[in-house]
Amino acid sequence: MKINKPIVTFVITFLIVFFTLLSFYMFYKEKEDKEISNKANLLMLNVVNEIQTKISQGVTAIDSQVLLLKQNNYNTKDFNKWAFEIMKGKDSIACLQLAKDGIVTNIYPYEEHKIAMGHDLLKDKRRDDGALLAIEKRDITFVGPIKLIQNEKYALIARKPVFQEINSKEKFWGFSTVIIYVDGIMKSLEDKIKDNGFEYQLEGFNPDAKNRPLFSKSDYFTGKNPLEFDVNVPNGKWIFTLEKK
């Protein structure tokens, strides 16, 4: 059988070129994937830091509210003035509340959250575990993120029990409460994420639920080639997913 040398030469040359190009492609693809992964990890560190900063704003606000309450001998007539000053510059905080004897008595801002006025935190079976835990711990307790009854937005709720000293004995006065919107946390991060060439999705984590609750996501997130990260928050964790544009 006569071998057609030009054809053999062509096939061998083609295979050499093909595998050479393939090796170059794999090399640069691996390099690109590594660069994307490194960029995503660095961005994620910034995201986690920002989330923790926003949560810290809530802690500062709740402690400031308790301090002002005690300085005013538990008189809440100037509550709106305090709340206005406390919320200045804290863009993630959506609402401040006081709940005397566990019943919501003061809300700022009022209009958007007024449906919560009179809400008994110690009798509401959907909320009483967090309220009772806060009293038991005598410290700030975070609940959620949960969907709020007043507007169905996802929020973290931070509560601190307040104790008033009467006749040398401490008596439970009520709660100082701060509501932090999840989308308020993400608002300041969206531009940073997009500027770095990523889309994002933020979900809650519930091992007992089939689907993760969706808190926030960018307009063009598709879920293709995702990079997932766990974000530890009070009372649990969130799942943060980045996707290269």
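The values are calculated or read from the model by the stated rules, or taken from the named source; none is laboratory data. Computed from a predicted model, the values in this text were never measured in an experiment. We place every Cβ from the backbone using ideal geometry, glycine too, and count neighbours over all the protein chains shown. Side chains are part of the model used for accessible areas, which takes the heavy atoms of the whole protein and leaves out ligands, DNA and RNA. Shrake-Rupley method; radii C 1.70, N 1.55, O 1.52, S 1.80 Å.
General remarks:
- Members of region 73-95 found to be within 16 Å of Asn151 (Cβ to Cβ) and aliphatic (A, V, I, L, M), listed by number: Ile93, Ala94
- Flag if Glu136 is surrounded by fewer than 14 Cβ atoms within 10 Å (Cβ to Cβ) and at pLDDT 85 or above: no
- Those residues of region 74-113 which are buried (at least 21 other Cβ atoms within 10 Å of the Cβ) and among the polar types (S, T, N, Q), in sequence order: Ser92, Gln97, Asn106
- Residue check, Phe172 at pLDDT 85 or above, open to solvent by 40 Å² or more (accessible area, probe 1.4 Å), out of contact with any Cys (no Cβ under 6 Å at 6 or more places or on another chain) and of a type in the set (A, V, I, L, M, F, W, C): yes
- Test: Ser218 is over 18 Å from the mean Cα position of the chain (by Cα) and open to solvent by less than 10 Å² (accessible area, probe 1.4 Å): no
- Annotation: of all residues in region 83-95 being farther than 10 Å from Gln57 by Cα and at pLDDT below 90, the one that is farthest from the chain's Cα centre (by Cα) is Lys88.
- Phe229 being open to solvent by 10 Å² or more (accessible area, probe 1.4 Å), of a type outside the set (Lys, Arg), at pLDDT 75 or above and farther than 24 Å from Lys39 by Cα: no
- Hey, Ile62 among the β-branched types (Val, Ile, Thr), surrounded by 10 or more Cβ atoms within 10 Å (Cβ to Cβ) and either in contact with a strand residue (DSSP E or B) (Cβ under 9 Å, 6 or more places away or on another chain) or at pLDDT below 80 (or both) or not: yes
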